[in-house]
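The values are calculated or read from the model by the stated rules, or taken from the named source; none is laboratory data. Values in this document were obtained by computation on a predicted structure and should not be read as measured data. Positions of Cβ are generated from backbone atoms using ideal geometry, with glycine treated the same way; all protein chains shown enter the neighbour counts. Remember, those area values only see protein heavy atoms, side chains included, never the ligands or the DNA or RNA. Shrake-Rupley method; radii C 1.70, N 1.55, O 1.52, S 1.80 Å.
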Amino acid sequence: QVQLVESGGGLVQAGGFLTLSCATSGRKFSADAMGWYRQAPGKQREMVATITRGGSRNYADSLKGRFTISRDNAKNTVSLQMNSLKPEDTAVYYCTADRVFDGRNWSQKVWGQGTQVTVSS
């Protein structure tokens, strides 16, 4: 069973930067796309960024130029570099993997447990 584990969250001042990482578990793993979502208190979960196995990136329009997603296919990891952080970026950030195959079973989408990012003003 595939699991995603996020790390790198924490407290940072507005204008600062932070990098989130997501690692996969299991001996076998493949995914068509991986990405990041976030959810702030009282708001719906929203897509932040995605990246395909071939490196095609997609960002929420409001985040282009500040956030950068990257993927290491050999290590089965995905990262999110967040720059020029704003208080409104405060949220729980979730790692995702789409069309996952663990060597036996397919899953449409797998979610991590999330990591808290808090940006102070």
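Among the residues of segment 6-18, are any loosely packed, with under 14 Cβ neighbours inside 10 Å and more than 30 Å from S121 (Cβ to Cβ)?
The answer is no; no qualifying residue exists.
Which of the residues that make up segment 48-93 are of a type in the set (D, E, K, R) and farther than 15 Å from S21 by Cβ?
Within segment 48-93, R53, R57, D61, K64, R66, K86, E88, D89 qualify.
Can you find even one residue in segment 54-62 that is in contact (Cβ under 8 Å) with a residue 60 or more places away in the chain and at negative phi?
Within segment 54-62 (the criterion being in contact (Cβ under 8 Å) with a residue 60 or more places away in the chain and at negative phi), the answer is no, since none of the residues qualifies.
So which residues in segment 84-105 are open to solvent by 50 Å² or more (accessible area, probe 1.4 Å) and either small (G, A, S) or within 17 Å of R38 (Cβ to Cβ) (or both), if there are any at all?
Listed by number, the residues that qualify are S84, K86, P87, E88.
Considering each residue of segment 1-36, count those that are in contact (Cβ under 8 Å) with a residue 60 or more places away in the chain, out of contact with any Leu (no Cβ under 7 Å at 6 or more places or on another chain) and within 18 Å of S107 (Cα to Cα), and give that number.
15
For G103, are the conditions met, namely being among the small types (G, A, S) and not in a strand (DSSP E or B)?
Judged against the criteria, G103 is a match.
Looking at (1) in contact with an Asp or Glu (Cβ under 6 Å, 6 or more places away or on another chain); (2) under 19 Å from M82 (Cβ atoms), which is the one condition that is false for G26?
Looking at each condition in turn, G26 falls short on (2).
Condition first: in a strand (DSSP E or B), open to solvent by 30 Å² or more (accessible area, probe 1.4 Å) and either of a type in the set (S, T, N, Q) or in contact (Cβ under 8 Å) with a residue 60 or more places away in the chain (or both). Now tell me which residues in segment 106-121 satisfy that.
S107, Q108, W111, Q116, T118, S120 - these are the residues of segment 106-121 that are in a strand (DSSP E or B), open to solvent by 30 Å² or more (accessible area, probe 1.4 Å) and either of a type in the set (S, T, N, Q) or in contact (Cβ under 8 Å) with a residue 60 or more places away in the chain (or both).
How many residues are over 21 Å from T118 (Cα atoms), at pLDDT 95 or above, open to solvent by less than 50 Å² (accessible area, probe 1.4 Å) and of a type in the set (V, I, T) if we restrict to segment 24-78?
2
Out of segment 37-53, which residues are of a type in the set (D, E, K, R) and free of Cβ contacts under 8 Å to residues at least 60 places away in the same chain?
Answer for segment 37-53, where residues must be of a type in the set (D, E, K, R) and free of Cβ contacts under 8 Å to residues at least 60 places away in the same chain: K43, R45, E46, R53.
Yes/no matrix, rows are residues, columns are (1) in a loop (DSSP other than H, G, I, E, B); (2) under 16 Å from T96 (Cα atoms):
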position	(1), (2)
K43	yes, no
M47	no, yes
T50	no, yes
S62	no, no
G65	yes, no
K75	yes, yes
V78	no, yes
